[in-house]
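Novice: Got a structure for you, written out below as structure tokens; questions coming shortly.
A short reminder: the numbers here are calculations on the coordinates, not readings from a lab. Keep in mind that this is a model prediction, so the values were computed, not measured. Don't worry about glycine lacking a Cβ; one is built from the backbone with ideal geometry, like all the others, and counts go over all protein chains shown.
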Number of protein chains: 2
Amino acid sequence: MEREADVIIVGAGLSGLYAARELKAAGYEPLILEANDRTGGRILTESPLPGIPLEIGAQWIGDTHTRMFRLAAELGVQTYPQFEAGETKYELCGTGVLDQTEFYQRFGDDVASVNRVLATLDTLAATVSAEAPWLAPEAAQWDAITAGAWYDAQGLTPIARTLLEICTVGILAVPTVEVSFLHLLFTIQTCGVGAALFSEAEGGAQTTRFVGGTAQLTDRLAAQLSDQLILDAPVQTIEHSGDSVTVHCRGGRTFRAKRAIVAIAPTLASRILYDPALPGVRDQVTQRMPHGSAMKAFFIYEEPFWREDGFNGQFISDVGPAHMSNDTCIEGREEGVILAFLEGAQARTFHRWDEIKRREALIAQMVRVFGPKAAHPIAYVDGEWTERPWTRGCYNANMGPFVWTTYGHALSAPIGPLHWASTDTATQWSAYMEGAVESAERAVGEVLQSLA
Amino acid sequence: MEREADVIIVGAGLSGLYAARELKAAGYEPLILEANDRTGGRILTESPLPGIPLEIGAQWIGDTHTRMFRLAAELGVQTYPQFEAGETKYELCGTGVLDQTEFYQRFGDDVASVNRVLATLDTLAATVSAEAPWLAPEAAQWDAITAGAWYDAQGLTPIARTLLEICTVGILAVPTVEVSFLHLLFTIQTCGVGAALFSEAEGGAQTTRFVGGTAQLTDRLAAQLSDQLILDAPVQTIEHSGDSVTVHCRGGRTFRAKRAIVAIAPTLASRILYDPALPGVRDQVTQRMPHGSAMKAFFIYEEPFWREDGFNGQFISDVGPAHMSNDTCIEGREEGVILAFLEGAQARTFHRWDEIKRREALIAQMVRVFGPKAAHPIAYVDGEWTERPWTRGCYNANMGPFVWTTYGHALSAPIGPLHWASTDTATQWSAYMEGAVESAERAVGEVLQSLA
């Protein structure tokens with residue numbers, strides 16, 4: 001027995017770190033066991049050039065992420081707004097690259113039909129409880145079809161259907177046919193902002209960035225918890241009884257506590273051996289929460305030349321390799337940064353290419369969209385998540401048909417002394433940093449109540 | 001280091017045991033590490049009454065299961081035919097219970113339309129290679145929709161659609177909307193018999209049973225391998241390099257070999273920690289192969305009274321709790337045995353009931369279908385698989401949309417000294433015992449070639 005604590009937390013992502021901080025503040029001794037050699041989980045800031053921190057993982061918070069704004073303020077991490085001024089570029093369904101004005105002139109009806117569908121999604125999502133989506137009046141029907149099938153049935157034009165797919169895959173990081181329609185409605189409802197989820201506009205999910213990089217948050221949390229944090233400690237076995245857990249890590253290291261909070265994604269949580277074994281319904285839900293696929297590719301230029309040309313750095317494209325981009329310049333720096341997103345099928349395909357070829361294909365797209373100035377970035381970096389053994393995919397876990405209605409109740413329910421966190425178990429902003437914190441609050445609340 | 005061998009095999013199900021036997025026959029030393037305290041995996045024979053061996057798991061082989069007939073002969077296990085004489089009962093879409101004759105009189109057109117759909121499935125499946133379903137000419141389209149959505153689009157009557165769903169769920173053990181249409185076609189093609197898959201008729205998958213119970217096979221294989229088999233040894237870590245594997249079991253037991261064959265279902269294989277970590281594509285495919293849900297409930301009567309009444313012991317019902325049944329009498333015994341199947345949603349719902357209530361609900365159905373003689377079985381036994389920690393669902397793993405086309409190539413491809421077996425990786429009779437043996441043959445072939 002290497003060490004005892006009150007509560008062992010599995011995973012030093014945002015959820016686990018936040019849970020540990022809250023437990024410590026409440027007078028309990030937490031101990032975080034992290035498999036990786038770093039903290040942060042799906043938060044990972046890398047600087048290809050000094051002073052240019054870029055987010056391989058989580059990047060933004062939105063206006064309603066009140067927990068995150070509070071946490072950043074408490075940790076002394078400053079924020080700045082996402083740059084939005086200017087027009088978006090479009091290349092969809094063989095039109096070639098169009099400026100926003102021309103795109104709206106030619107395809108205004110298509111855009112209007114997408115907005116009508118988003119408004120319908122809002123209306124339907126309003127009937128879905130984020131705490132218990134399986135109780136929605138039409139849950140059974142909505143969980144019996146895929147989001148893609150529902151989209152297909154909306155009578156959209158190819159332009160509109162493609163636009164809707166790209167926007168949705170930008171959230172889910174898997175094709176819409178891989179998720180249940182109820183899951184899509186849950187995703188919208190858990191964010192509480194309806195169609196704004198799909199935009200970087202006011203009220204949306206992606207309005208605000210962190211000075212110095214998102215990892216400032218988890219780094220500072222980890223620094224406050226340095227005596228309660230063990231890295232390179234993959235948890236392999238959790239023996240549990242009513243009032244105790246014994247946790248075995250790879251290599252024979254053993255720890256004991258009164259409770260455990262497993263603050264990793266459900267798929268990864270299923271890879272721990274629990275003794276006694278967990279109920280079948282819990283096991284089966286964790287078999288049904290595969291992670292999406294997402295890559296981010298960053299181009300650093302001498303300056304943000306697109307801004308002078310009246311563009312916001314965003315494109316929406318079905319040509320690819322990337323389907324979307326945006327302006328990711330660092331506040332206070334002269335360099336220009338464009339972030340290209342590869343999500344779902346794009347990430348699955350292009351992450352298998354070698355980096356040089358992938359970069360070439362993406363630069364060809366950048367030149368096509370933003371002109372010849374885009375041809376010569378001064379630096380490039382990209383990042384992928386399925387290859388990282390302690391994450392295995394991004395942004396989050398998505399439910400296929402019948403998962404919510406059959407197994408949803410088992411997703412976060414405690415089992416004896418075992419509690420479950422991670423943004424994938426959140427009921428507010430699930431899949432976002434806000435959800436990581438919300439799920440940690442919920443798990444800590446359960447633990448405090450049971451220990452009181 | 002407790003022990004060294006040539007090849008470590010993870011899992012003492014049929015696939016692992018067969019692989020070990022083949023390796024031993026080829027002059028190599030295998031070592032099987034089994035997590036459970038028994039061999040057999042998804043084969044489990046229980047006898048609620050002496051002389052009445054019943055199959056909680058795999059029960060039948062079919063006429064084209066040549067490997068299984070050969071193996072049974074080699075092991076001295078006798079076979080006998082599934083009883084088929086007599087008529088089936090139907091209760092579908094509010095008709096009440098109907099004899100087969102009346103059902104066909106009233107709903108002959110519906111049955112004919114189901115047969116037309118099955119014939120279409122055969123035609124389409126013929127274009128799908130079981131070795132590489134992602135190469136089928138229409139793979140992309142077929143993998144983009146669910147089997148359920150394709151069924152819905154066939155213009156069937158409620159009776160026909162319900163009949164088709166029940167027959168298909170009887171194979172997949174999940175609702176058809178949970179699997180990709182390409183996966184359904186793969187499933188048909190892997191069996192090489194088309195629509196016969198759905199029947200117990202000649203050429204089908206369920207024509208033949210084993211004297212003394214299916215576990216005779218795995219018991220006798222295990223007896224031949226008693227020096228190469230360690231029970232209660234859950235594998236948690238596999239360290240691997242080009243020419244060696246070091247395998248760590250729970251509790252610190254360590255074994256070494258030149259190669260490993262991981263002969264457990266892909267979902268369970270994902271729960272092992274591999275060092276170095278496996279490629280992302282391999283990890284993601286194992287995240288996307290959830291196990292189905294199946295329960296079998298057996299009623300033992302003094303005699304098979306239904307046979308005298310002209311019935312074959314089979315019903316097809318959308319009332320439930322069971323959707324299908326058949327005659328599972330033991331050859332040479334006077335007792336009558338009816339086996340009721342609960343698959344997909346039925347298993348998920350009723351396995352959460354306590355056994356007494358579940359038995360009552362099923363007996364009510366038996367009386368409704370087979371009359372008052374069914375009210376008083378002399379014994380009852382049922383079995384479920386999601387609660388069993390080393391199986392976690394039956395009958396097998398099923399692929400949702402885009403899994404085959406995106407990840408299929410990574411399902412059974414060796415990685416360094418690691419090879420993959422289990423019926424879920426088979427290309428002939430995947431999900432059946434025949435597939436377990438076929439996958440073991442393939443994995444052993446790979447190992448022998450690499451060691452030669």
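Novice: Write down the radius of gyration of region A:104-198 and its Dmax, each obtained from C-alpha positions, in Å.
Specialist: Here Rg and the maximum Cα pair distance are 12.9, 43 Å.
Novice: Tell me, what is the percent relative contact order of region B:92-192, built from C-alpha pairs under 8 Å that lie six or more residues apart?
Specialist: Details: 93 pairs, mean separation 39.3, N = 101.
Across region B:92-192, relative contact order equals 39 percent.
Novice: Using modelled backbone amide H atoms (1.01 Å from N, in-plane), which distant-in-sequence or interchain residues come within less than 5 Å of A:Val262's amide H?
Specialist: Those qualifying (amide H under 5 Å, at least 5 residues apart or on another chain) are A:Val10, A:His419, A:Trp420, A:Ala421.
Novice: Quick one: which residues, 5+ away or cross-chain, put their amide H under 5 Å from the amide H of A:Asp382? H built at 1.01 Å from N.
Specialist: Counting only residues 5 or more places away or on other chains, the set is A:Phe298.
Novice: Let me check I've understood the local charge: for B:Glu438, count other residues with C-beta under 14 angstrom from its C-beta, Lys and Arg +1, Asp and Glu -1. What total comes out? Provide the component values of the computation, followed by the final result.
Specialist: On the way: positive: B:Arg67, B:Arg70, B:Arg442; negative: B:Glu22, B:Glu131, B:Asp424, B:Glu434, B:Glu441, B:Glu446.
Result for the neighbourhood of B:Glu438: -3.
Novice: Output the antiparallel fraction of DSSP beta bridges having both residues in region A:1-117, as a percent to the nearest 5. Walk me through the numbers before you get to the answer.
Specialist: Numbers: 4 of 9 bridges.
Once the DSSP bridges in region A:1-117 are tallied, antiparallel ones form about 45 percent.
Novice: I would also like to ask the following. Identify all aspartates and glutamates with a Cα-Cα distance to A:Lys357 below 17 Å; exclude those on the same chain that are fewer than 8 residues away in sequence.
Specialist: Here the aspartates and glutamates satisfying the reach criterion relative to A:Lys357 are A:Asp382, A:Glu384.
Novice: Within 10 Å of each Cβ in A:249-258, how many Cβ atoms from other chains are there, averaged over the peptide? Don't skip to the end; give the middle numbers.
Specialist: Values: counts 0, 5, 3, 3, 0, 0, 0, 0, 0, 0.
Mean partner shielding for this stretch: 1.
Novice: Put one equal scatterer on each alpha carbon of chain B, apply the Debye formula with no solvent term, and list log10 I(q)/I(0) at q = 0.06, 0.11 1/Å to two decimals.
Specialist: -0.25, -0.86
Novice: Further question on the same structure: Please list the radius of gyration and Dmax for the protein assembly as shown, considering alpha-carbon atoms only, with Å as the unit.
Specialist: Cα-based Rg and Dmax for the protein assembly as shown come out at 28.3, 90 Å.
Novice: Pull up the cross-link candidates among the aspartates and glutamates for A:Lys373, meaning alpha carbon to alpha carbon under 14 Å and not fewer than 8 places away within one chain.
Specialist: A:Glu302, A:Glu303, A:Glu308, A:Asp309, A:Glu335
Novice: Mind pulling the per residue volume of the convex hull built on the Cα atoms of region B:59-141? Å³ is fine. Walk me through the intermediate numbers first.
Specialist: Working: hull volume 13.9 nm³, N = 83.
Considering the Cα atoms of region B:59-141, their hull volume per residue is 167 Å³.
Novice: As a footprinting exposure proxy, order B:Ser241, B:Ser325 by other Cβ within 10 Å, with the fewest listed first.
Specialist: Working: B:Ser241 11, B:Ser325 26.
The most exposed by this proxy come first: B:Ser241, B:Ser325.
Novice: Once the other residues with Cβ under 9 Å from the Cβ of A:Val403 are scored (Lys, Arg +1; Asp, Glu -1), what is the net sum?
Specialist: Working: positive: A:Arg288; negative: A:Asp143, B:Glu178.
Once all neighbours under 9 Å are counted, the net charge is -1.
Novice: Report the gain in length on full extension from A:Trp353 to A:Asp99: 0.36 nm times residue separation, minus Cα-Cα distance, nm rounded to one decimal.
Specialist: Numbers: separation 254, 0.36 × 254 = 91.44 nm, distance 3.01 nm.
Stretched out fully, the A:Trp353 to A:Asp99 stretch lengthens by 88.4 nm.
Novice: Can you tell which of B:Leu54, A:Gln216, A:Gly292 lies farthest toward the positive end of the dipole of the protein assembly as shown, using +1 and -1 charges on the Cβ of basic and acidic side chains (Lys, Arg; Asp, Glu)?
Specialist: In the protein assembly as shown, that residue is A:Gln216.
Novice: Taking each pair of distinct Cα atoms in region A:261-384 once, what is the resulting Kirkwood hydrodynamic radius in Å? Don't skip to the answer; put the middle values down first.
Specialist: Numbers: mean 1/r = 0.0601 Å⁻¹.
Roughly 16.6 Å, rounded to one decimal.
Novice: Could you please rank A:Asp109, A:Asp327, placing first whichever residue has the fewest other Cβ atoms within 10 Å of its Cβ? If you can, show how the numbers build up before the last one.
Specialist: Details: A:Asp109 11, A:Asp327 21.
Lowest count first: A:Asp109, A:Asp327.
Novice: To continue, here is another question. Could you state the principal axis extents of the C-alpha atoms in region A:368-452, from the largest down, to the nearest angstrom?
Specialist: 63, 32, 25
Novice: Quick check on the protein assembly as shown: helices-only [θ] at 222 nm, where DSSP H runs of length 4 and up contribute -39,500 (n - 2.57) each and the sum goes over total residues. Nearest 500, please. Provide the component values of the computation, followed by the final result.
Specialist: Numbers: 30 runs with 314 residues, N = 904.
Result for the protein assembly as shown, helices only: -10500 deg cm²/dmol.
Novice: Starting from the amide H of B:Met399, placed 1.01 Å from N in the peptide plane, find each other amide H under 5 Å away whose residue is 5 or more places distant or on another chain.
Specialist: B:Ser180
Novice: I've got another one for you. Counting Lys +1, Arg +1, Asp -1, Glu -1, what net charge surrounds A:Lys258 among other residues with beta carbon under 12 Å of its beta carbon? Before the final figure, lay out each step's value.
Specialist: Details: positive: A:Arg256, A:Arg259; negative: A:Glu4, A:Asp6, A:Glu29, A:Asp243.
Here the count lands on -2.
Novice: Let me ask another. With the convex hull built on the Cα atoms of region A:311-380, state its orientation-averaged projected area in nm².
Specialist: Working: hull surface 19.4 nm².
If I average the Cα hull's projected area over directions, I get 4.8 nm².
Novice: Pick out, in residue order, every one of the trypsin sites (Lys or Arg not before Pro) in region A:277-385 that is DSSP loop and has at most 10 other C-beta atoms within 10 Å; say none if there are none. Let's see the in-between values first.
Specialist: Working: sites: A:Arg282, A:Arg288, A:Lys296, A:Arg307, A:Arg333, A:Arg348, A:Arg352, A:Lys357, A:Arg358, A:Arg359, A:Arg368, A:Lys373; in loops: A:Arg288, A:Arg333, A:Arg352.
Hits after loop and neighbour filter: nothing returned.
Novice: Oh, and also: Which ordering of A:Ile61, A:Ile261, A:Ile9 is given by a fewest-first count of other beta-carbon atoms within 10 Å? Before the final figure, lay out the partial values.
Specialist: Details: A:Ile61 27, A:Ile261 31, A:Ile9 36.
Fewest to most other Cβ atoms nearby, the residues stand as A:Ile61, A:Ile261, A:Ile9.
Novice: Suppose each label sits 7 Å from its Cα in the direction of the beta carbon; what would the A:Ala375-B:Ala26 distance come out to in nanometres?
Specialist: Going from the A:Ala375 label point to the B:Ala26 one covers 5.6 nm.
Novice: On average, how many beta carbons from a partner chain sit within 10 Å of the beta carbon of a residue in B:270-281? Display every interim value, and only then the final one.
Specialist: Working: counts 6, 6, 2, 6, 1, 3, 1, 5, 3, 3, 15, 6.
What the average comes to for B:270-281 is 5.
Novice: What relative contact order, as a whole-number percentage, does chain A give when Cα pairs under 8 Å and 6 or more residues apart are counted? Write out the running numbers ahead of the final one.
Specialist: Working: 991 pairs, mean separation 113.2, N = 452.
Once divided by the residue count of chain A, the mean separation gives 25 percent.
Novice: Across all directions of projection, what mean area in square nanometres is found for the Cα convex hull of region A:186-316?
Specialist: About 13.1 nm², averaged over all directions.
Novice: If you don't mind, there's one more thing I want to ask. Using a Förster radius of 25 Å, what is the FRET efficiency between A:Gln154 and B:Gln154 based on their Cβ-Cβ separation? Nearest 0.05, please.
Specialist: On the way: r = 22 Å, r/R0 = 0.88.
Rounded to the nearest 0.05, the efficiency is 0.70.
Novice: Still on this structure, please answer the following. In units of 2.2 N^0.38 Å, what is the alpha-carbon radius of gyration of region A:1-51?
Specialist: Cα-based Rg divided by the globular estimate yields 1.39.
Novice: Specify which residue in the list A:Leu278, A:Ile145, A:Ala263 is farthest towards the positive end of the charge dipole of chain A, using unit charges on the beta carbon of Lys, Arg (+1) and Asp, Glu (-1), about the Cα centre.
Specialist: Farthest towards the positive pole: A:Leu278.
Novice: By Kyte-Doolittle mean hydropathy of at least -0.5 and Cα axial length of at least 30 Å, which whole DSSP H helices of chain A are selected?
Specialist: Values: long enough: A:100-125 (33 Å, -0.12).
Answer set is A:100-125.
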